[in-house]
1. Explain nothing, just the number: relative contact order of the range 162-254, from Cα pairs under 8 Å at least 6 residues apart, as a whole percent.
2. Among the listed pairs K209/K376; K31/K99; K285/K371, which have their C-alpha atoms separated by more than 31 angstrom in this model?
3. Multiply the residue separation of K396 and A274 by 0.36 nm, subtract the distance between their alpha-carbon atoms, and state the gained length in nm to one decimal.
4. Taking the Cα centre of the range 84-181 as origin, work out the dipole magnitude from +1 charges on Lys and Arg Cβ and -1 charges on Asp and Glu Cβ, in debye rounded to 20.
5. If contacts are Cα pairs under 8 angstrom and at least 6 residues apart, what is the relative contact order of the range 45-121 in percent?
6. Roughly speaking, what is the stretch gain from E386 to K31, that is 0.36 nm per residue apart minus the C-alpha to C-alpha distance, in nm to one decimal?
7. Using θ = phi - 60° and the Karplus relation 6.51 cos²θ - 1.76 cosθ + 1.60, list the HN-Hα couplings for the range 390-395 in order, rounded to whole Hz, with x at every Gly or Pro.
8. List the residues, sorted by chain then number, that are 5 or more residues from V152 or on another chain and whose placed amide H is less than 5 Å from its amide H.
Amino acid sequence: MEQNPYKNAMAQLKKAAEIKSFNLTEQKKGKELFVRLENPDREIRISIPVEMDSGDTHIFEGYRVEYNNLLGPYKGGIRYHQDTNIDEVKALAFWMTLKCAVAGIPMGGGKGGVTVDPKKLSKNELEKLSRGWMRMLSDVLGPKKDVPAPDVNTTPEIMDWMNDEYAKITGDKSGAVITGKSLGKGGSEGRGMATGLGGFYVFQALQKKLDLPDKCAIAIQGFGNVGLNAAKIFKEHGHTIIAISDSKGAVYDKNGLDLEKLEEEKKKNGFLSANMTNRELLELKCDVLVPAAFENQITKENADKMKAKVILELANGPVTPEADEILWRKIESMYEKGIWIIPDILANSGGVTVSYFEWEQNLRGEHWSEKEILRKLKEKMTEAAEKVFEKAMENKTNLRMGAFILALQRLGEKI
Ligand code: NAD
């Protein structure tokens, strides 16, 4: 089960449904919700023809999964990665459904992707692929139907191309069909750092409750939009980033890293000069470990070796259900044994929350200030974190299950 993120996601759902004090499957509506969440509303596979710079036409496999829209239009990013497949997209779309519910925003869950290594494409090919993805899905997407956004390897520029393609096909120039656009093209203030910042607000809301020190030592896996932004924000607030990594390896310094220097180095060389492996980074003794890269990083193979006090899941699905069990152990000893995991569907919901703000601004033809966006984001994240903690305590369970219970209750109200 461990490597299939969709099976892992379904195992989490089953576990939440079985929590005795919550009793999802014992209620009629609960049963209906459970079976609906076991299946996506719609899975779409597309073949995108792209004329390559060589003159040959190459077909890329693309996806859109519309998982559930009980709370509002499907919402979720588009991933470009050579290993992306339908099961990964389905898992991500399921988690989006719960994430929007946890964040308290009126949107459903969806996700998209293309199986491609974008680093191997020229800019021209990347633009053709992105416009092709939108062209083939323009009839199912729409501001009131399904609203994509960026994810791994997709950027504001890609969102702009897609938005432009949609406007050409449908005549809708509101920009509300896709979020994460650049600022000049209808994007929102604060979107770039939203996931990292949202994670920081969640951390702040739970810091004392989880018995973390005022100044934490932090290790981060991932040097992309989420990992790097989170690193900068934690550092600005006086915490020490002791390690950070990209796909090639990790850089470690127990006294704290110079992020600007690392950023310059990455720009120049294309990678970080690693002095540690990614695996070693995960096993570091630290206050907070932040997985911000991919799924299935902490599994039953390495869970026992974790020495962090808290894991803040900014990536989606980085901890498998088996590892969850190993890390959690018993609630009775909550402050002594076990490692608290602040789950993805809470910790990284800042991204979709600001995406939702962007969608609202586009629909109303407004542009909100950064100050206003950050105030609203902090309010939403703090409220979500406190509610998740409350649900976990009420049901004597961990924070992931607390978040599932909150989400399932909110979704259940719409059945
Ligand atoms: P990104 O493409 O900007 O960055 C991904 C980073 O991961 C890169 O630095 C890459 O070098 C690194 N990486 C790749 N393979 C690795 C490996 N094996 N070990 C360590 N690092 C590796 O992507 P992103 O937008 O930062 O997304 C990262 C994670 O956060 C994903 O799980 C994504 O689903 C999740 N997420 C993103 C957003 C968002 O707004 N972008 C929102 C919610 C969740």
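1. Working: 96 pairs, mean separation 19.1, N = 93.
Relative contact order for the range 162-254 comes out at 20 percent.
2. Correct reply: K285/K371.
3. Numbers: separation 122, 0.36 × 122 = 43.92 nm, distance 4.10 nm.
Contour length minus Cα-Cα distance gives 39.8 nm.
4. Details: 14 positive and 13 negative charges, 20 e Å.
Using Cβ point charges on Lys, Arg, Asp and Glu, the range 84-181 gives about 100 debye.
5. Value for the range 45-121: 37 percent.
6. Values: separation 355, 0.36 × 355 = 127.80 nm, distance 2.70 nm.
Result for the pair: 125.1 nm of gain on full extension.
7. 4, 5, 5, 5, 4, 9
8. Excluding prolines and chain starts, which carry no amide H, the hits are Y80.
The values are calculated or read from the model by the stated rules, or taken from the named source; none is laboratory data. Bear in mind the structure is a predicted one, so any value in this text is a computation, not a measurement. Glycine also receives a Cβ, built like all others from the backbone with ideal geometry; neighbour counts cover every protein chain displayed. Surface accessibility is based on the protein's heavy atoms, side chains included, excluding ligands, DNA and RNA. Shrake-Rupley method; radii C 1.70, N 1.55, O 1.52, S 1.80 Å.
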